[in-house]
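Have a look at the structure below, then the notes.
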């Protein structure tokens, strides 16, 4: 989902990493499934990419 949203926005891994405050190499490892982000980093990535984890209920 993170890679999909990043590509949909036309962003590079470098830009997303910079916006989220992490290294581009770490962003690459996250997208490849080699590393898992901490919850803090995960929430920052979701925030930067405007991914809603808890959609509003009707």
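The values are calculated or read from the model by the stated rules, or taken from the named source; none is laboratory data. Keep in mind the model is a prediction, meaning the values are calculated, not measured. Cβ sites come from the backbone with ideal geometry, for glycine too, and all protein chains shown count toward neighbours.
For this structure, a couple of remarks:
- Neighbours by Cβ (under 6 Å, 6+ apart or cross-chain): first from segment 43-58, over 23 Å from residue 12 (Cα atoms); second loosely packed, with under 10 Cβ neighbours inside 10 Å and at pLDDT 90 or above: none
- Residues in segment 11-42 that are touching a residue at least 24 places away in the same chain (Cβ under 8 Å) and either more than 14 Å from residue 1 (Cβ to Cβ) or over 11 Å from the mean Cα position of the chain (by Cα) (or both): 19, 20.
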